[in-house]
Amino acid sequence: MPTARPQCWLLKSEPDVFSYADLVRVGREPWNGVRNYQARNFLREMRAGDPCLFYHSNAKPAGVAGVARVCGEARPDDLQFDPASDFHDPRSTPDQPRWSMVEVEPVLAFAALVPLDTLRALPEWQDSPLTRRGSRLSVLPVTKEQFRAALRAAGVEGHDDLL
DNA sequence: GCCAACGTTGGC
DNA sequence: GCCAACGTTGGC
(Lines give C-alpha, C1' and ligand atoms only; values in the text may rest on other atoms or scores of the structure.)
Protein backbone atom coordinates (compact mmCIF):
# COMPACT_ATOMS: atom_id res chain seq x y z
CA MET A 1 0.00 0.00 0.00
CA PRO A 2 1.42 3.40 -0.90
CA THR A 3 2.10 5.79 1.91
CA ALA A 4 -0.59 8.39 2.45
CA ARG A 5 0.48 11.86 1.39
CA PRO A 6 1.78 13.96 2.63
CA GLN A 7 3.89 12.04 5.08
CA CYS A 8 5.22 14.28 7.86
CA TRP A 9 8.80 14.12 9.09
CA LEU A 10 11.18 15.49 11.67
CA LEU A 11 14.72 16.55 10.79
CA LYS A 12 17.37 17.08 13.43
CA SER A 13 20.04 19.68 13.03
CA GLU A 14 22.52 21.12 15.46
CA PRO A 15 21.84 24.86 15.39
CA ASP A 16 25.51 25.64 15.96
CA VAL A 17 26.11 23.93 12.62
CA PHE A 18 22.92 24.74 10.73
CA SER A 19 19.90 26.37 12.34
CA TYR A 20 16.41 27.10 11.14
CA ALA A 21 17.50 30.74 10.73
CA ASP A 22 20.25 29.47 8.42
CA LEU A 23 17.66 27.64 6.36
CA VAL A 24 15.64 30.83 6.06
CA ARG A 25 18.76 32.71 5.01
CA VAL A 26 19.79 30.28 2.29
CA GLY A 27 16.25 29.51 1.14
CA ARG A 28 16.97 25.91 0.21
CA GLU A 29 19.41 23.38 1.57
CA PRO A 30 20.60 19.92 0.61
CA TRP A 31 20.03 17.61 3.58
CA ASN A 32 23.28 15.76 3.08
CA GLY A 33 25.70 13.99 5.34
CA VAL A 34 23.18 11.51 6.73
CA ARG A 35 25.16 8.33 7.36
CA ASN A 36 22.70 6.08 9.09
CA TYR A 37 20.78 3.46 7.16
CA GLN A 38 17.46 3.90 8.90
CA ALA A 39 17.59 7.66 8.42
CA ARG A 40 18.67 7.20 4.81
CA ASN A 41 15.73 4.92 4.13
CA PHE A 42 13.38 7.57 5.46
CA LEU A 43 15.01 10.17 3.18
CA ARG A 44 14.26 7.87 0.27
CA GLU A 45 10.60 7.72 1.24
CA MET A 46 10.25 11.50 1.13
CA ARG A 47 8.28 13.20 -1.61
CA ALA A 48 8.04 16.79 -2.76
CA GLY A 49 5.81 18.80 -0.47
CA ASP A 50 6.16 16.60 2.62
CA PRO A 51 6.24 18.86 5.70
CA CYS A 52 9.08 18.54 8.22
CA LEU A 53 9.48 19.71 11.77
CA PHE A 54 12.90 21.32 11.97
CA TYR A 55 14.41 20.21 15.26
CA HIS A 56 17.38 21.79 17.00
CA SER A 57 19.41 19.07 18.70
CA ASN A 58 22.38 19.54 20.99
CA ALA A 59 20.92 22.89 21.94
CA LYS A 60 19.75 24.60 25.10
CA PRO A 61 16.96 23.91 24.99
CA ALA A 62 16.53 21.34 22.26
CA GLY A 63 13.27 21.63 20.37
CA VAL A 64 11.38 22.38 17.20
CA ALA A 65 12.22 25.73 15.62
CA GLY A 66 9.91 25.73 12.64
CA VAL A 67 8.51 23.92 9.65
CA ALA A 68 10.35 23.03 6.46
CA ARG A 69 9.25 21.28 3.32
CA VAL A 70 10.78 18.63 1.10
CA CYS A 71 11.59 20.08 -2.35
CA GLY A 72 11.93 16.85 -4.29
CA GLU A 73 12.75 13.19 -4.19
CA ALA A 74 15.99 11.78 -2.84
CA ARG A 75 19.07 11.67 -5.01
CA PRO A 76 22.65 10.60 -4.34
CA ASP A 77 24.44 12.65 -1.70
CA ASP A 78 27.39 14.24 -3.51
CA LEU A 79 29.54 14.33 -0.39
CA GLN A 80 29.96 10.56 -0.39
CA PHE A 81 32.13 10.86 -3.54
CA ASP A 82 34.27 13.72 -2.26
CA PRO A 83 37.52 12.51 -0.67
CA ALA A 84 37.96 15.89 0.98
CA SER A 85 34.62 15.70 2.75
CA ASP A 86 34.06 14.43 6.28
CA PHE A 87 31.17 12.54 4.74
CA HIS A 88 33.25 10.80 2.11
CA ASP A 89 32.49 7.10 1.80
CA PRO A 90 35.11 5.15 -0.18
CA ARG A 91 32.64 2.28 -0.58
CA SER A 92 30.33 4.47 -2.67
CA THR A 93 30.62 4.78 -6.42
CA PRO A 94 28.47 6.85 -8.80
CA ASP A 95 27.09 3.54 -10.08
CA GLN A 96 26.37 2.29 -6.59
CA PRO A 97 25.68 5.28 -4.37
CA ARG A 98 25.17 4.28 -0.78
CA TRP A 99 23.83 7.55 0.66
CA SER A 100 20.98 9.82 -0.31
CA MET A 101 19.84 13.36 0.33
CA VAL A 102 16.82 15.54 -0.29
CA GLU A 103 16.58 19.30 -0.52
CA VAL A 104 14.43 21.23 1.93
CA GLU A 105 13.11 24.79 2.11
CA PRO A 106 11.69 26.87 4.96
CA VAL A 107 7.94 27.23 5.35
CA LEU A 108 7.20 28.68 8.76
CA ALA A 109 9.41 29.89 11.59
CA PHE A 110 7.89 29.37 15.04
CA ALA A 111 7.61 32.53 17.15
CA ALA A 112 9.33 30.55 19.89
CA LEU A 113 11.05 27.19 20.01
CA VAL A 114 8.84 24.30 21.13
CA PRO A 115 11.11 22.58 23.62
CA LEU A 116 11.55 18.83 23.79
CA ASP A 117 10.04 18.90 27.29
CA THR A 118 6.86 20.36 25.84
CA LEU A 119 6.62 17.64 23.22
CA ARG A 120 7.25 15.00 25.86
CA ALA A 121 4.25 16.25 27.79
CA LEU A 122 1.90 15.88 24.81
CA PRO A 123 -0.11 12.65 24.57
CA GLU A 124 0.51 12.45 20.82
CA TRP A 125 4.26 12.31 21.38
CA GLN A 126 4.39 9.49 23.91
CA ASP A 127 5.48 6.99 21.28
CA SER A 128 8.13 8.48 19.05
CA PRO A 129 11.80 7.84 18.36
CA LEU A 130 12.31 11.48 19.30
CA THR A 131 11.09 11.15 22.86
CA ARG A 132 12.40 7.62 23.35
CA ARG A 133 15.37 7.60 25.63
CA GLY A 134 18.66 7.07 23.87
CA SER A 135 17.29 7.35 20.37
CA ARG A 136 19.70 9.00 17.97
CA LEU A 137 17.71 8.77 14.78
CA SER A 138 18.14 12.09 12.96
CA VAL A 139 15.42 11.68 10.32
CA LEU A 140 12.14 10.25 11.50
CA PRO A 141 8.51 10.01 10.49
CA VAL A 142 5.93 11.98 12.43
CA THR A 143 2.20 11.33 12.48
CA LYS A 144 -0.24 14.03 11.42
CA GLU A 145 -1.47 14.09 15.01
CA GLN A 146 2.06 14.70 16.26
CA PHE A 147 2.58 17.37 13.64
CA ARG A 148 -0.65 19.16 14.53
CA ALA A 149 0.13 18.92 18.23
CA ALA A 150 3.53 20.52 17.64
CA LEU A 151 1.95 23.35 15.65
CA ARG A 152 -0.60 23.87 18.38
CA ALA A 153 2.15 23.99 21.00
CA ALA A 154 3.87 26.63 18.86
CA GLY A 155 0.69 28.70 18.83
CA VAL A 156 0.36 28.27 15.09
CA GLU A 157 -3.14 28.28 13.64
CA GLY A 158 -4.61 27.91 10.21
CA HIS A 159 -1.88 25.87 8.61
CA ASP A 160 -3.88 22.75 7.85
CA ASP A 161 -2.91 23.35 4.21
CA LEU A 162 0.47 21.91 5.13
CA LEU A 163 -1.17 18.57 5.77
C1' DG B 1 31.78 18.39 30.30
C1' DC B 2 29.61 14.04 31.48
C1' DC B 3 27.86 9.89 30.30
C1' DA B 4 24.12 6.59 28.73
C1' DA B 5 22.60 4.60 24.71
C1' DC B 6 23.24 3.35 20.29
C1' DG B 7 25.27 1.84 15.61
C1' DT B 8 29.30 0.15 13.38
C1' DT B 9 33.55 -2.21 12.94
C1' DG B 10 36.55 -5.92 12.96
C1' DG B 11 38.82 -9.95 15.15
C1' DC B 12 37.88 -14.47 15.86
C1' DG C 1 27.79 -15.04 13.12
C1' DC C 2 29.12 -13.40 17.62
C1' DC C 3 30.38 -9.84 20.42
C1' DA C 4 33.78 -6.55 22.50
C1' DA C 5 35.65 -2.25 21.47
C1' DC C 6 35.06 1.97 19.69
C1' DG C 7 33.12 6.36 18.03
C1' DT C 8 29.09 9.24 17.99
C1' DT C 9 24.82 11.30 19.44
C1' DG C 10 22.46 14.20 22.23
C1' DG C 11 20.12 15.28 26.73
C1' DC C 12 21.36 17.04 30.85
Quiz item: Do we have A:R25 as without any contact (Cβ under 8 Å) to a residue 12 or more places away in the chain, open to solvent by 60 Å² or more (accessible area, probe 1.4 Å), farther than 10 Å from A:V139 by Cα and among the charged types (D, E, K, R) here?
Solution: yes
Practice problem: Answer with yes or no whether A:D50 is closer than 23 Å to A:L151 by Cα and more than 16 Å from DNA strand C (Cβ to nearest atom). | Solution: yes
Quiz item: So A:V67 fits all but one of (1) of a type in the set (V, I, T); (2) in contact with a helix residue (DSSP H, G or I) (Cβ under 8 Å, 6 or more places away or on another chain); (3) open to solvent by 10 Å² or more (accessible area, probe 1.4 Å); what number is the exception?
Solution: (3)
Quiz prompt | Residues of segment A:79-108 that turn out to be open to solvent by less than 20 Å² (accessible area, probe 1.4 Å) and within 30 Å of A:L162 (Cα to Cα), as a count | solution = 5
Self-check item: Selection within segment A:115-137 - touching a Ser or Thr at 6+ places or on another chain (Cβ under 8 Å) and open to solvent by 40 Å² or more (accessible area, probe 1.4 Å)
Solution: A:R120, A:E124
Exercise. Take A:L122 and decide whether it is away from DNA strand C (no atom under 13 Å from the Cβ) and more than 18 Å from the chain's Cα centre (by Cα).
Key: yes
Self-check item: Residue count for segment A:138-163, restricted to those that are assigned to a loop (DSSP other than H, G, I, E, B), surrounded by fewer than 16 Cβ atoms within 10 Å (Cβ to Cβ) and under 17 Å from the mean Cα position of the chain (by Cα)
Solution: 2
Quiz item: Before we move on, is A:A121 touching a strand residue (DSSP E or B) at 6+ places or on another chain (Cβ under 6 Å) and within 18 Å of A:P61 (Cα to Cα)?
Solution: no
Quiz prompt | Complete set of residues in segment A:34-47 that are open to solvent by less than 10 Å² (accessible area, probe 1.4 Å) and more than 16 Å from DNA strand C (Cβ to nearest atom) | solution = A:M46
Practice problem: Answer yes or no: is there a residue in segment A:125-137 that is in contact with a Phe, Trp or Tyr (Cβ under 9 Å, 6 or more places away or on another chain), under 28 Å from A:G27 (Cβ atoms) and part of a loop (DSSP other than H, G, I, E, B). | Solution: yes
Quiz item: Among the residues of segment A:84-103, is there at least one that is within 29 Å of A:V156 (Cβ to Cβ) and touching a Ser or Thr at 6+ places or on another chain (Cβ under 8 Å)?
Solution: no
Practice problem: Scan segment A:55-78 and report the pairs whose first residue is closer than 19 Å to A:P30 by Cβ and whose second residue is among the basic types (K, R), with Cβ atoms within less than 7 Å and a gap of 6+ or a chain change. | Solution: A:Y55/A:K12; A:S57/A:K12; A:V70/A:R47; A:C71/A:R28; A:E73/A:R47; A:A74/A:R44
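The values are calculated or read from the model by the stated rules, or taken from the named source; none is laboratory data. Just so it is clear, the model here is predicted, and its values are computed rather than measured. No Cβ is skipped: glycine too gets one built from the backbone with ideal geometry, and neighbour counts run over all protein chains shown. Each accessible area value is taken on the protein alone, full model and side chains, heavy atoms only, with ligands, DNA and RNA left out. Shrake-Rupley method; radii C 1.70, N 1.55, O 1.52, S 1.80 Å.
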